[in-house]
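Notes follow once the structure below has been shown.
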Amino acid sequence: MKLYDYFRSGAAYRTRIALNLKGLDYEQSFVHLTRDGGEQFKPDYAALNPQKLVPTLIDGGVPITQSMSIMEYIEETRPNPPLLPKDAAGRARVRALANIIACDIHPINNLRVRNYVRDDLKAGPEGMRLFVERWILFGLEAYEALVAGNPQTGTFSHGDTPTMADCCLVPQLANGRTFKVNYDRFPTVLRIEQACLKHPAFIKAAPENQPDAE
């Protein structure tokens, strides 16, 4: 199993967490997203992942792209320990929480979007930062509302073991801090994050603990 990875990528970060939670061994191959105009645009990698994004997981010679698809794939092929609850309603709740991050926050503050807002739309660095901050806060307001006071919320976003939702949440919070986003209004989210950051799978996956960290 090989993971095409970049230490700063939020999508790659969530994938690493999921692989670690499953206890899976994986070889890392690093794709620097900004060096020399972006190594993801090189022909060999573009042939592997036509979107020219990370991560890409190779398992049994089969390339799997998109972090959410990778997490669903390893959940189906290596079901224990689970990233999703046993009951259908619980699985739907976890997927909904995960998708607040993966579908509604992360794509809007991805590197290529940030560069477009900063450079092509002439917003400049501070305009880009405000753009990113707005959509992070908008999504986390919903996340906080769904987990605060909900009996299904435990130590983690759903119950007392990490799920796919936590895999998505922690990298997004880390990303927002690079843009000085203030999370004080989200106490439940911050409590969950602290529990995650003590877990070995999250520690191992942290950007600063990757071989390509700068």
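All but one of (1) part of a helix (DSSP H, G or I); (2) without any contact (Cβ under 8 Å) to a residue 60 or more places away in the chain; (3) β-branched (Val, Ile, Thr) hold for VAL181; state the number of the condition that does not hold.
The single condition VAL181 does not satisfy is (1).
Within the stretch 1-39, restricting attention to residues that are in a loop (DSSP other than H, G, I, E, B) and in contact with a strand residue (DSSP E or B) (Cβ under 7 Å, 6 or more places away or on another chain), which residue is nearest to SER67 (Cα to Cα)?
TYR6
For GLY90, work out the one condition from (1) crowded, with 16+ Cβ neighbours inside 10 Å; (2) in contact (Cβ under 8 Å) with a residue 40 or more places away in the chain; (3) more than 30 Å from GLY37 (Cα to Cα) it doesn't fulfil.
That leaves (1) as the condition not met.
Can you tell me which residues in the stretch 145-169 are under 17 Å from the mean Cα position of the chain (by Cα) and of a type in the set (D, E, K, R)?
Across the stretch 145-169, the qualifying residue is only ASP166.
When you go through THR77, THR65, THR34 one by one, which is the residue that is free of Cβ contacts under 8 Å to residues at least 40 places away in the same chain and within 22 Å of ARG114 (Cα to Cα)?
THR65
Among the listed residues LYS22, LYS42, LYS86, which satisfies the condition of being within 17 Å of the chain's Cα centre (by Cα) and not aromatic (Phe, Trp, Tyr)?
Just one listed residue meets the conditions, LYS22.
When only residues in the stretch 115-140 that are in contact with a Phe, Trp or Tyr (Cβ under 8 Å, 6 or more places away or on another chain) and not in a loop (DSSP other than H, G, I, E, B) count, which is farthest from ALA89 (Cα to Cα)?
Applying the first criterion (in contact with a Phe, Trp or Tyr (Cβ under 8 Å, 6 or more places away or on another chain)) to the stretch 115-140 yields 117, 123, 129, 132-133, 136, 140.
Imposing the further condition that a residue be not in a loop (DSSP other than H, G, I, E, B) reduces the set to 117, 129, 132-133, 136, 140.
Numbers: VAL117: 38, ARG129: 36, VAL132: 31, GLU133: 31, ILE136: 26, LEU140: 21 Å.
For the stretch 115-140, the residue satisfying everything is VAL117.
So in the stretch 1-56, with the set limited to residues that are among the basic types (Lys, Arg) and buried (at least 24 other Cβ atoms within 10 Å of the Cβ), which one is nearest to ARG78 (Cα to Cα)?
Step one: list which residues in the stretch 1-56 are among the basic types (Lys, Arg), which gives 2, 8, 14, 16, 22, 35, 42, 52.
From what is left, the residues that are buried (at least 24 other Cβ atoms within 10 Å of the Cβ) are 14, 16.
Working: ARG14: 17, ARG16: 15 Å.
Of everything passing the filter in the stretch 1-56, ARG16 is nearest to ARG78 (Cα to Cα).
Out of the residues in the stretch 191-211 meeting the condition of being closer than 12 Å to ASP166 by Cβ and of a type in the set (A, V, I, L, M, F, W, C), tell me which one is surrounded by the most Cβ atoms within 10 Å (Cβ to Cβ).
Checking each candidate, the answer is ILE192.
Restricting attention to the stretch 61-87, report how many residues are of a type in the set (S, T, N, Q) and part of a helix (DSSP H, G or I).
3
Criterion first (in a helix (DSSP H, G or I), farther than 21 Å from LEU146 by Cβ and β-branched (Val, Ile, Thr)) does ILE58 satisfy it? I'd like the intermediate steps shown before the answer.
Numbers: in a helix (DSSP H, G or I): no; farther than 21 Å from LEU146 by Cβ: yes; β-branched (Val, Ile, Thr): yes.
Considered against the rule, which asks whether it is in a helix (DSSP H, G or I), farther than 21 Å from LEU146 by Cβ and β-branched (Val, Ile, Thr), ILE58 comes out as no.
Do we have any residue at all in the stretch 179-189 that's within 22 Å of LEU19 (Cα to Cα), at pLDDT 95 or above and under 16 Å from the mean Cα position of the chain (by Cα)?
No, the conditions are met nowhere in the stretch 179-189.
Does the stretch 152-161 contain any residue that is among the β-branched types (Val, Ile, Thr) and either under 18 Å from ASP87 (Cα atoms) or part of a helix (DSSP H, G or I) (or both)?
yes
The values are calculated or read from the model by the stated rules, or taken from the named source; none is laboratory data. Since we're looking at a predicted model, the values are computed, not measured. Quick reminder, even Gly has a Cβ in these numbers, built from the backbone with ideal geometry, and neighbours come from all protein chains shown.
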